[in-house]
1. Restricting to the stretch 126-148, what's the tally of residues that are more than 24 Å from the chain's Cα centre (by Cα) and either part of a strand (DSSP E or B) or surrounded by 14 or more Cβ atoms within 10 Å (Cβ to Cβ) (or both)?
2. Which of the strands (runs of 3 or more DSSP E) found entirely inside the stretch 296-407 contain at least 1 residues meeting this: farther than 25 Å from A210 by Cα and in contact with a Gly (Cβ under 9 Å, 6 or more places away or on another chain)?
3. Keeping to the stretch 116-125, report how many residues are part of a loop (DSSP other than H, G, I, E, B) and either surrounded by fewer than 23 Cβ atoms within 10 Å (Cβ to Cβ) or within 22 Å of the chain's Cα centre (by Cα) (or both).
4. On the basis of being at pLDDT below 90 and surrounded by 20 or more Cβ atoms within 10 Å (Cβ to Cβ), does V409 make the cut?
5. Evaluate the following for G164: is it open to solvent by 10 Å² or more (accessible area, probe 1.4 Å), over 22 Å from E69 (Cβ atoms) and not aliphatic (A, V, I, L, M)?
6. Looking at the stretch 338-367, which of its residues are in contact with a Lys or Arg (Cβ under 6 Å, 6 or more places away or on another chain) and either of a type in the set (V, I, T) or farther than 22 Å from G164 by Cα (or both)?
7. Among the residues of the stretch 319-326, is any touching a strand residue (DSSP E or B) at 6+ places or on another chain (Cβ under 7 Å) and at pLDDT 95 or above?
8. Filter the stretch 371-393 for residues that are modelled with pLDDT of 85 or more and of a type in the set (D, E, K, R) and give the result.
Amino acid sequence: MLTRRQFNQGFVAMAFGGLATHLHGGELTRYLTDVASGSNSLGGLVPDPKGIIDLPPGFSYRAISQLGEVMNDGLTVPDRADGMGCFMVDEERVVLVRNHELSPSNGTTGQVRTSVDSAAVYDTYSSGNPLPGGTSNIVYNLKTHQVEYQCMSLLGTIRNCSGGITPWGSWLTCEESVATASAKINKNHGYVFEVPSQARQLVKPDPIKAMGRFNHEAACVDPISGIVYLTEDRPDSLFYRYIPNQKGDLKAGGQLQALVIQGESKFDTRNWQESRMQVNQPYACEWIDLDNVDSQDDDLRIRGFAKGAALFARGEGIHFGTDEMYFCCTSGGKAKLGQIMRYKPSPKQDQQTGTLTLFVESLDKVTFNFGDNITVAPSGHLIVCEDQYSDTVNNHLKGVTPSGKVYDVAKVRWQTEPAGACFSDDGSVLFVNLYSPTTTLAISGPWASLNA
């Protein structure tokens, strides 16, 4: 039986077939006019008197977790909240697993107020103090609107940017770093770690090295095959997948591969110099094996490209539907304002082939500006977190309808980005992080009838 999430994702997967055509065709001007004038049925955004986030009429938010709060384990909520996953516990409760994109240069950020078992920390400074990156778990009651428990669940990592949920109830947290052991830190970084949603204390920090050492960004799991798809935040990134030896047991080893466009070795999807990838045109794909995936030289993407893998412009958020996925390329396109790709694997068991389609390539900042994390609303609309930093940040949560119309779902008033957007399974609440200072919001409203 399909879950609400699977049903809606499948709906979006089918409905988005003409999305890019609308965004690039004659109707683009009309869409831009609609967005600029706020002329959608949401009624425009209502200015937040608290100056945090503007929302449509009928929507409201609660700040449920904030930087510096003392958690149940005695540690404090760290800064730089990024990717996040939501897991149902029962009819009332959800667990949020939240990344913290912290580097060694950020110090401990005041988070350690009690002693921490060194065996539960992946890496430390030369002083012995844990590195500040990792994840925190939050148990939130949807009926009482209260946080019942929160704690650190992973500690000692670097720049946990995004990740993805698994069908077996865990969060894959991804290090966007390739730092190596030095006089300052003790271990190499650049890995994926698995964090159980049921964790109520620090988990054993085991890097899944077979999933590759690179600037990891996000991940998603095909629930049928168990294959994990991975993005890389580099201007010359690849699109990866990991085929586990045992479905559901990622630590049991597997094969890392990179995507290749059939008949087009070293194909450049970025469209920076020329529009090699055409909008709404499916491209047949296959996958090539990668070796020495734990290389210390940060050369995995370079060696993969030399073997024929396609190039992408800063792969970021990725979201899997029933049989296909969408992922953002933050700086893709001629204007370098962002793209959204769709990949559909073949129905064969090995899924060695598939099709890649460029659905969105932004031509204007008003339409779409540096898309990052993505999710799907109960209405079937795509929700995208913008992630751009200029002198005056103008980040939004953007909605995209199945017909291709782009509109504002929310506007962040702080000088920061929204991140980690994810819905409760019942579709009643959108959880989203404000990156810094860490503030996790629970946004309620008529999500099922969201209509621009």
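1. Number of matching residues: 4.
2. Result: 339-345, 353-361, 371-376, 382-386, 396-400.
3. So the answer is 4.
4. No: the conditions fail for V409.
5. no
6. If the condition is that a residue be in contact with a Lys or Arg (Cβ under 6 Å, 6 or more places away or on another chain) and either of a type in the set (V, I, T) or farther than 22 Å from G164 by Cα (or both), then T355, T357 are the ones that fit.
7. Checked against the condition, which is being touching a strand residue (DSSP E or B) at 6+ places or on another chain (Cβ under 7 Å) and at pLDDT 95 or above, the stretch 319-326 yields no hits at all.
8. D372, E386, D387, listed by residue number.
The values are calculated or read from the model by the stated rules, or taken from the named source; none is laboratory data. Every value quoted in this text rests on a predicted model; they were computed, and no experiment measured them. Note that we place each Cβ from the backbone using ideal geometry, even for glycine, and neighbour counts take in every protein chain shown. The area values use the complete protein model at the heavy-atom level, side chains included, leaving out ligands, DNA and RNA. Shrake-Rupley method; radii C 1.70, N 1.55, O 1.52, S 1.80 Å.
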